[in-house]
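Here is the structure we will look at, set down as C-alpha cells.
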Amino acid sequence: GREWHLLSRPVGWPKPEDFALVEAEVPAPGEGEVLVRNMYLSVDPYMRGRMSAAKSYVAPFELGKVMQGGAVGEVVASNAEGIAVGDHVLHFFGWREYAVVAAKNAVTVDPQAAPLSAYLGVLGMTGLTAYAGLLRTASFKEGDSVFVSGAAGAVGSQVGQLAKLKGASRVIGSAGSDEKVRLLVEEYGFDAAFNYRNGSVSDQLRAAAPDGIDVYFDNVGGDHLEAAIGSLNHGGRIAVCGMISVYNNTEPAPGPRNLARLIQTRGRIEGFLVGDHYDLQPQFVREVGPWVRSGELKYRETVVEGIENNLEAFLGVLRGDNTGKMIVKL
Ligand code: NDP
C-alpha cells in the first residue's frame, strides 16, 4: 500500500518536496490488531502544526515516517476479539492506504446509520469541535448573537447552524468567497454573512451586526479576532478554536490592538481543544444526529479522490478550496 511521508519540515507554505508518496509493505495484524483498508481520509488544518518541530499539543510528525490523521476503513483481516472482517472502523492512521490498528485504537462505526465520511466530519471530530466550543467554551445561550469565522468550513458551518437551531438571535458568518457567503445565507440560514476578502473585517462585521455580538467562535485569528473584540457586547465570550490565518507564518503575528475592550465589556476569551471534550460525544450524537438525518442541519463535503491527491487535498484546506469538510476518498 502507498503512504505519505514527511521528508522535511515546511517553512511557510508546505511545498511538494517536503513530502513523498512511498510504497510500503502491507503488514499482517498482530495479536489484538486489525488490518484496515482505508476508504476515507481526513485532512485538517491542525496537521500543519504537526509538520513543524515546535512543541504543541500533539507531537510533531516524525521525519521520514508516515503521517497520521483520522480515517475510516473496512477491516480486511482481524486478529482482535470483537472486530470482524467486513466491519468498518474509525481510527487515527490516515495518510495511507492500509493500516494496522490495535483494537483499542479503533471505533466501530455503522455505515447504515450515516455515510462513512460523516464520521470524520459532521458527526465526528469537527462536529464535536463545533458543539463543544459553542456550547461549553463559549457558554452559548438562547438569544445570543453569534459571529463565526471560517463559516463555510467543516467546523464553522456547523457552529452557525447549531446556534440557529438553539435559538440565537442573530448568526453572522465570514468566508473567503462570494459563493460561500451565498451558501451561508441561502442554504444554512445565517442571518448575515460577508466575504472577508471584499474589505475590512471590522467594517463588514459592524454592518452585519449593528447591535454587536455576544459570542465569537474564532477559526481564523488575526484581523477577524480584532474585529470581534471590537464588536463584543457586555459579557461577551470568545471561543478560540483555531487561527488558520497564522499557521503558515514564519514570524509571530501581531496581536489584537484592542484587548483593553475586554475590561469594559467584562469579555472572556478562552481557547479549547476538542480532545478535552469527548465526554460530550454521546450527548452530541444524540442531539445533532437527528438534525443531520432530518436535514435541519445541512452539511457539505469536498471530496478529493485518490491517495496520490492526499497532499493536494490538505493544501487545499489551507487555501480554502473546500466547502464543508475536506475528505479524501480512496
Ligand atoms: P475548514 O473546513 O474550515 O477549512 C479551513 C478553512 O479556513 C478554508 O476552507 C478557508 O476558507 C479558511 N481559511 C484559510 N486561510 C484563511 C485565512 N488566512 N483567513 C481566513 N480564512 C482562511 O477547517 P476545519 O473546520 O477543520 O477547521 C476550522 C478551524 O478550527 C481551524 O482553525 C482548525 O485549526 C480549528 N480546529 C480546532 C480544533 C480544536 O480542538 N481546537 C479541532 C478542529 C479544528 P475560506 O475560503 O473561507 O478562506
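Some notes on this structure:
- Only lysine pairs 8 or more places apart, or on different chains, with alpha-carbon atoms under 20 angstrom apart are counted in the chain, and they number 11.
- Fewest-first ranking of His277, His224, His91, using other Cβ atoms within 10 Å as the exposure measure: His277, His91, His224
- For segment 1-71, the set of GluC sites (Glu not before Pro) satisfying both a DSSP loop assignment and a count of at most 12 other C-beta atoms within 10 Å is given as Glu25, Glu31, Glu62.
- Per-residue Karplus couplings for segment 177-191, computed as 6.51 cos²θ - 1.76 cosθ + 1.60 with θ equal to phi - 60°, are listed in order as 8, 5, 5, 5, 4, 4, 4, 4, 7, 7, 9, 9, x, 5, 6 Hz, Gly and Pro entered as x.
- Per residue, the convex hull around the alpha carbon atoms of the chain comes to 129 Å³.
- Phi angles across segment 13-24 convert, under the Karplus curve 6.51 cos²θ - 1.76 cosθ + 1.60 with θ = phi - 60°, into 3J(HN,Hα) values of 5, x, 10, x, 5, 6, 9, 8, 8, 10, 7, 10 Hz, Gly and Pro given as x.
- Scattering curve values for segment 125-275, log₁₀ I(q)/I(0), Debye with Cα scatterers, q = 0.16 Å⁻¹: -0.77
- For Val304, the residues whose modelled amide H falls within less than 5 Å of its own, excluding neighbours fewer than 5 places apart on the same chain, are Ile327, Val328, Lys329.
- One way to sum up the overall shape of segment 203-330 is the equivalent ellipsoid from its Cα gyration tensor, whose semi-axes run 30, 22, 15 Å, largest first.
- Under 5 Å, built H, 5+ apart or other chain: amide partners of Ala193: Gly173
- Amide H contacts under 5 Å for Gly153: Gly324, restricted to partners 5 or more places along the chain or on a different chain, H placed in the peptide plane at 1.01 Å from N.
- Along the chain, longest interval not containing exposed chymotrypsin sites (Phe, Trp or Tyr not before Pro), exposed being DSSP loop plus at most 16 other Cβ atoms within 10 Å: 93-271
- HN-Hα J in Hz across segment 289-295 - Karplus 6.51, -1.76, 1.60, θ = phi - 60°, x for Gly and Pro: x, x, 5, 6, 4, 7, x
We did not get these values from a lab; they are worked out from the coordinates using the rules stated. None of the values given here were measured: they were computed from a predicted structure. Neighbour counts are summed over all protein chains in view; Cβ atoms, including those assigned to glycine, are modelled from backbone coordinates with ideal geometry.
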